[in-house]
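Mind looking over this structure? Questions follow.
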Protein chains: 2
Amino acid sequence: MARRTDTREKMVQAGKQLIRERGYEATAFSDVIEASDTPRGSVYFHFPGGKAQLGMDVAEAHAHDQVELIDRIAAEAGSATQLVEQYVDLGREGMRAGDYTRGCGIAPLIIDGAAGTSAEIGEVSRRAFAQMIDRFAFHLVAFGLERGDARQLAEAVITGLQGAMITSRALRSTTPYTAIGAALRGLAARAKPR
Amino acid sequence: MARRTDTREKMVQAGKQLIRERGYEATAFSDVIEASDTPRGSVYFHFPGGKAQLGMDVAEAHAHDQVELIDRIAAEAGSATQLVEQYVDLGREGMRAGDYTRGCGIAPLIIDGAAGTSAEIGEVSRRAFAQMIDRFAFHLVAFGLERGDARQLAEAVITGLQGAMITSRALRSTTPYTAIGAALRGLAARAKPR
């Protein structure tokens, strides 16, 4: 039998994939079990809080992955503008590589209303986005931007890419990344230094 | 008995409200019937294509409303920048007035995967966003912007506001509108004239 953490992690990763493709509401545990090749009994063992718990775990995993990605890009970028450009570029590449089938792992909790009806899901969703924005802003400040401008730019980046994941999937085109990327690059160029 | 068009229109409007609040997947016809106070039999009469048809009608109604709104703002705006600013401002006001409970009427078809699995829903979603972008770009050109820059700005506006509807709901704050608004205003200011 697989170790508890392995099985649980496999289910969260499979759940993330499914939620990014078909949203929170349409993702059933039976699909997660099939996709992760885990035993049916493991649902009740690993997710005593049911689907809400899976949704929250997926949102947290998504935010965690994005924070790691932001850190990785920041380590190689030479400026605030490069950090913004490369994060947008990776979003665009991911969308194209996934053939326009996958979006964010947090947004479905908002769109499907779960964050609005459960205070706990609402708080996890809020924190997931806040973590991504905070981390992006942290690196922008490290690149020399004034704190308020860094905060605003970080919020614009996370917001703009949320939008790009929707219109790009709808249009089956990466032009929304180019368009919002131009707006974000301009905001980065105008940001005040510390 | 109400005229066919009245009943159908009431159901589409009720469906739009529900889909904007809880997404496409979680919206059941029984809720639409209750919210619109229409007879149960009318579902099969007015929506022989079932829920997919309701979802597509809602997306089209949403795009239609947004095109009308864009026209109304354009009629009063004095410049491309004002059109962008006022569209963002109205989005922000609507989000606050709705207490962060409502998003887009088209995005749920994307997030919940319906647009990806049904070619017909996919085409309606694509066209709905394309209509909004085309109309916004049309007015930007009328305000004197070069065609390519108008197109890019229009796509950035529709994309940015899609994102703001998600992060604003998640954070229960209008700051995403302020942040993305600053990026879009800057892009408008830098757009080339015709």
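Charges on Cβ only, +1 for Lys and Arg, -1 for Asp and Glu, centred on the Cα centroid of chain B; of B:CYS104, B:ALA189, B:ALA75, which one is farthest towards the dipole's positive end?
Working it through, the farthest residue towards the positive pole turns out to be B:ALA189.
Considering only protein heavy atoms and a 1.4 Å probe, what is the carbon-and-sulfur percentage of the accessible area of the protein assembly as shown?
Working: 8200 of 16450 Å².
Carbon plus sulfur share of accessible area: 50 percent.
Which of the DSSP-defined H helices in chain B satisfy a minimum axial length of 18 Å, computed from C-alpha atoms, and a minimum mean Kyte-Doolittle hydropathy of 0.0? The partial results should precede the final answer.
Working: long enough: B:4-22 (27 Å, -1.52); B:50-76 (40 Å, -0.22); B:80-97 (26 Å, -0.43); B:119-142 (34 Å, 0.36); B:147-171 (35 Å, 0.18); B:175-190 (23 Å, 0.44).
Helices passing the filter in chain B: B:119-142, B:147-171, B:175-190.
Per DSSP helix of 4 or more residues, -39500 (n - 2.57); summed, then divided by the residues of chain A. What does that give at 222 nm, rounded to the nearest 500?
Working: 10 runs with 151 residues, N = 194.
So the helix-based figure for chain A works out to -25500 deg cm²/dmol.
Take the alpha-carbon centre of the range B:1-74, take the same for the range A:72-111, and report the distance between them in whole Å.
Centre-to-centre (Cα) distance: 34 Å.
Follow-up. If the cut-off is a Cα-Cα distance under 17 Å, which lysines reach B:LYS16, setting aside same-chain residues fewer than 8 apart in sequence?
Within the straight-line limit of under 17 Å, B:LYS16 reaches these lysines: B:LYS51.
Another question, then. Using the scaling law 2.2 N^0.38 Å as the reference, what is the normalised Cα Rg of chain B? Numbers along the way, then the final one.
Values: Rg = 17.7 Å, N = 194, 2.2 N^0.38 = 16.3 Å.
Rg over 2.2 N^0.38 Å, computed on Cα atoms: 1.09.
Among B:PHE138, B:GLN53, A:TYR44, pick out the residue whose Cα is farthest towards the positive end of the charge dipole of the protein assembly as shown, where Lys and Arg carry +1 and Asp and Glu carry -1 on C-beta, about the Cα centre.
B:PHE138
A follow-up question, please. For chain A, build the charge dipole from Cβ charges (+1 Lys, Arg; -1 Asp, Glu) around the Cα centre, then report which of A:ALA170, A:GLY116, A:THR7 sits farthest towards its positive end.
A:ALA170
Label-to-label distances across copies for A:ASP37, with labels 7 Å out along Cα→Cβ, in nm, shortest first?
Taking the point 7 Å beyond Cα along Cα→Cβ, the inter-copy spacings are 5.7 nm.
Assign unit charges at the C-beta atoms only (+1 for Lys and Arg, -1 for Asp and Glu), then state the dipole size of chain B relative to its Cα centre in Debye, rounded to the nearest 20.
On the way: 24 positive and 24 negative charges, 53 e Å.
About 260 debye.
Which percent of Cα-Cα pairs in the range B:54-165 sits in each 5 Å bin, short to long?
2, 12, 21, 23, 19, 13, 7, 2, 0
Hey, what did chain B get for relative contact order, percent, Cα under 8 Å, at least 6 apart? Intermediate values should be presented prior to the final figure.
Working: 217 pairs, mean separation 45.6, N = 194.
Computed value for chain B: 24 percent relative contact order.
The values are calculated or read from the model by the stated rules, or taken from the named source; none is laboratory data. Since the model is a prediction, treat every value here as computed from it, not as a measurement. We place every Cβ from the backbone using ideal geometry, glycine too, and count neighbours over all the protein chains shown. Only protein heavy atoms, including side chains, enter the accessible area calculation; ligands, DNA and RNA are left aside. Shrake-Rupley method; radii C 1.70, N 1.55, O 1.52, S 1.80 Å.
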